[in-house]
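A.B. asks: Before I ask anything, let me first share the structure, which is written out below as structure tokens.
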Amino acid sequence: MPPSTGETRRLAALVRTGLLAAAADETFLSLVSAASGAFGMPIATISLVGRDDQTYFAKVGIGAEATERSISFCSQTIACDAPLVVLDAGRDPRWRDNPLVRGEPHIRFYAGVPLYIEGQAIGTFCVIDTVPHAGFTELQRQMLQRYATIAGEMLELRSLKAGADRERARFKRLSEACPDGMTIADGDGHVLHWNGAAERLLGYTAEEARHLRITDLLPEGDRAAAGFRAWIDVVLGEVREIDLVNRSGVVRHMEISVSRWREDEETFHGMVLRDTSGRREKEQALHRLAHCDGLTGLPNRAAMRAQLGAAMRGGAVGVLLVDLDGFKDVNDTIGHAAGDEVLREAAARLVESIRATDIVTRIGGDEFVVILPGCGDASKAGDVADRIVAAMEEPLLINDRTVRIGASVGIALAPAQAETIDDLLLCADLAVYKAKAEGRHRQRLYTPSLRAVVSERQRFVHEFHRAIERDEFVLHYQPQVRLKDGALVGAEALIRWQHPEHGLLQPGAFLPALLSSRHAVTVNDWVLRTACTQAAAWLPFTDRQFRMGVNACAVRLHSGEISAFTMDTLAATGLPAENLELEITETVVLAHEGACTAALRELRAQGIGIAFDDFGTGYASLSMLEDFPLNRLKIDRSFVRKMNDAPDVPVIRAILQLAKSFGLDVIAEGIETEDQLRRLRKKGCAEGQGYLFSRPIPADEFQSTFIHAAPTAAIGLRRVA
């Protein structure tokens, strides 16, 4: 059946638009996406209704590209003057058997508005849901109509390509919608068009602007220097920054783009104006972000490299790499806000410690770089570094709390030690590593021998996998004794590495790198299993209260897995829970305090001992005695060592008193002399360990010395009698 005259005109209008062969751009996709979100419906489309098919020009939420017109809802919509609304297609006798209702896309609700071009309904704007709706309010109908109006204008702009009237109509709509000022001037600079954004930028209404020439907007000096044609030839074809004077006489900074064309033998100029004041502010902010550290206000890493490069090109230069000692403990124990305050105060002290010509930068975390232009003298650089170390040793008052940190400083000089930025920073980094290895709170100058040390350290990192595969890690055991009679009460399991080339390596040579590697959990699990197996084998030959001390795995503690894994290990090895003691440190538990507390309580409830290692060396130890399920405190060896030089060590006395108050046992580490033993015993310390009794030794040596040889004998009793 041939189409009616009206349908023929409608189809002809659709063909003239050229939209059936066009592709929707992001603007149309954004529009239907916005409608989908605004109405809370999964599907929104701009459809074009042809002779036989309905084509989805823009869509969201539907996979098909087209449907047959005979079954489409939109074919009915274009015949309506008002929105077509179907609240429940599944119950509507007109639609309930429709394939689009019974199958994909399972339409239950539909609302559509016809789209007109040249007075013909060429398609629809619709929203669709897969569930029925109870109603569609008048406000929703109006909102849908507004979306359809926008879609219709966008489609018309896409289709209008011929005729001066259509070109002007499109330009005017675009111009008024444009956030930038848009003007058109004739060949002599008289304003012909002036959009709303130009009114807002310069204060003149469109009517007022028609009495202006473009040169009237120039500052007086520029206006006198050249006429319009000379001025326009300068700015034509390029985006330029210029100054224009608004209606109030205020100079505004503008970005201008000018084009020129001819129509009917006349010349026209189109200008787009953009106020760059806000952009300049943003550019300045971006520059600060790109070149300044947001926390301290110091130049950042990028700025440091630029300034260091300039200094190196200018001659000799010294670099101090400053790494704050103890900063991580501050962050972990009293919080990141306090840590930020520490960094700001550290930055201020650095600035106060340098020369007027020097530059302080923060390159990230707790690391700073100080650039010393013109300084190729190691002693002068060392003087600055010494002042920095001294400044950082002074206590800081953070939130009414005294905090102590320090600084390790690495010194490197160019061109004597390096000729590139990266090499110079590497030299300073190696010197920092040496300062930290020698005890922190000091400065060290780079020497070529440091490269070999770091190469050795890095080589170990890549050998961990092989060490695990070949069982190169071993445990040594250090006895723990009752001080009043020297009786064996337990042992602490300590890891060593039997390296095939370097022999027996102590933990300091590899443990920090190992614990930060992907092998940490594997090795920690092996330590626990091995120590529990060994303790179970020794238990029949010792006092039944014999305990095995093992460092808790930080990763499993933070994840909450430690309780289940430990109980499984005890079941597999046959060691009773009360014969295992896990040792924790303040830094490990405070990093994930909530998860750690719950996990430790589970362990303690099973009978496993929890010992607080290195007690007294951190910031929040006292508050933890109430919160954590501890049964033992370990006095750090650093406090025991101080007994050599002082008649009394108040920290030891305080720890013993606190332990008594909280009902906790105490063991002292690092006992090396008879005098230390005597004084600890006199103060009431019940247990201890250290080289006075035995260094950590292999399992077979421990067994032959302390287990099978004399299972009930006291250890070193002759030394403590």
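Read the figures in this text as sums done on the coordinates, not as results from a lab. Small disclaimer: the values here were computed from a predicted structure and weren't measured. Methodologically, a virtual Cβ is constructed for each residue, glycine included, from the backbone with ideal geometry; neighbour enumeration extends over all protein chains shown.
A.B. asks: Of the listed peptides 244-256, 382-394, 487-499, what is their order by residue-averaged count of other C-beta atoms within 10 Å, with the highest listed first?
C.D. replies: The packing order, highest mean first, is 487-499, 382-394, 244-256.
A.B. asks: Search the structure for amide H atoms under 5 Å from the amide H of GLU687, placed 1.01 Å from N in the peptide plane, and list their residues when 5 or more places away or on another chain.
C.D. replies: Distant-sequence amide H within range of GLU687: LEU483, VAL666, ALA668.
A.B. asks: Now a separate question. Suppose only helical runs count, i.e. DSSP H with n ≥ 4. What mean residue ellipticity at 222 nm does that imply for the chain under -39500 (n - 2.57) per run, divided by all residues and rounded to the nearest 500 deg cm²/dmol?
C.D. replies: It comes out at -12500 deg cm²/dmol, rounded to the nearest 500.
A.B. asks: Using amide H atoms built in the peptide plane, which far-off residues or other-chain residues are under 5 Å from ALA58 H to H?
C.D. replies: Counting only residues 5 or more places away or on other chains, the set is ILE46.
A.B. asks: Which net charge results for the neighbourhood of GLY187, defined as the other residues with beta-carbon distances under 13 angstrom from its beta-carbon, given Lys and Arg at +1 and Asp and Glu at -1?
C.D. replies: Net charge in that neighbourhood comes out at -3.
A.B. asks: Here is a follow-up. Hey, can you rank 527-538, 140-151 by average C-beta count inside 10 Å, highest first?
C.D. replies: Highest mean packing first, the order is 527-538, 140-151.
A.B. asks: Just to confirm the number: angle between the C-alpha axis of helix 421-437 and the first principal axis of the chain, 0 to 90 degrees, nearest 10?
C.D. replies: 30
A.B. asks: Just to confirm a number: summing +1 for Lys and Arg and -1 for Asp and Glu over residues other than VAL555 whose beta-carbon lies under 13 angstrom from that of VAL555, what do you get?
C.D. replies: Summing Lys and Arg as +1 and Asp and Glu as -1 gives 0.
A.B. asks: Now, a different point. Would you mind checking the tilt of helix 277-291 against the longest principal axis of the Cα atoms of the chain, expressed as 0 to 90 degrees and rounded to 10?
C.D. replies: 20
A.B. asks: HN-Hα J couplings of the stretch 494-499 from phi, Karplus 6.51/-1.76/1.60, θ = phi - 60°, integer Hz, Gly and Pro as x?
C.D. replies: Once rounded to whole Hz, the list reads 10, 7, 9, 10, 8, 6.
A.B. asks: Would you calculate the volume per residue, in Å³, of the smallest convex hull containing every Cα atom of the stretch 164-279?
C.D. replies: Expressed per residue, the convex hull around the Cα atoms of the stretch 164-279 is 104 Å³.
A.B. asks: Once phi is turned into θ = phi - 60°, what whole-Hz ³J(HN,Hα) does the Karplus curve with 6.51, -1.76 and 1.60 give for every residue of the stretch 474-489, x standing for Gly and Pro?
C.D. replies: 9, 10, 10, 10, 10, x, 10, 10, 7, 5, 6, 9, x, 5, 5, 10
A.B. asks: Beta carbons within 10 angstrom, averaged per residue: use that to sort the peptides 64-77, 86-99, highest first.
C.D. replies: Output ranking for 64-77, 86-99: 64-77, 86-99.
A.B. asks: In addition: Quick one: angle between helix 449-461 and the longest Cα principal axis of the chain, in degrees between 0 and 90, rounded to 10, please.
C.D. replies: Result, in degrees: 80.
A.B. asks: Tell me, what HN-Hα J-couplings in whole Hz come from the Karplus equation 6.51 cos²θ - 1.76 cosθ + 1.60 at θ = phi - 60° for each residue of the stretch 231-244, using x for Gly and Pro?
C.D. replies: 5, 5, 5, 6, 8, 4, x, 9, 7, 10, 9, 9, 10, 10
A.B. asks: Let me ask you something else. Which percent of Cα-Cα pairs in the stretch 632-706 sits in each 10 Å bin, short to long?
C.D. replies: 18, 49, 24, 8
A.B. asks: Using a cut-off of 16 Å between alpha-carbon atoms, which lysines can reach LYS634, once sequence neighbours fewer than 8 places away in the same chain are excluded?
C.D. replies: List returned: LYS642, LYS660, LYS683.
A.B. asks: Name the residues whose placed amide hydrogens come within less than 5 Å of the amide hydrogen of ASP53, ignoring near sequence neighbours (fewer than 5 apart) on the same chain.
C.D. replies: ARG69
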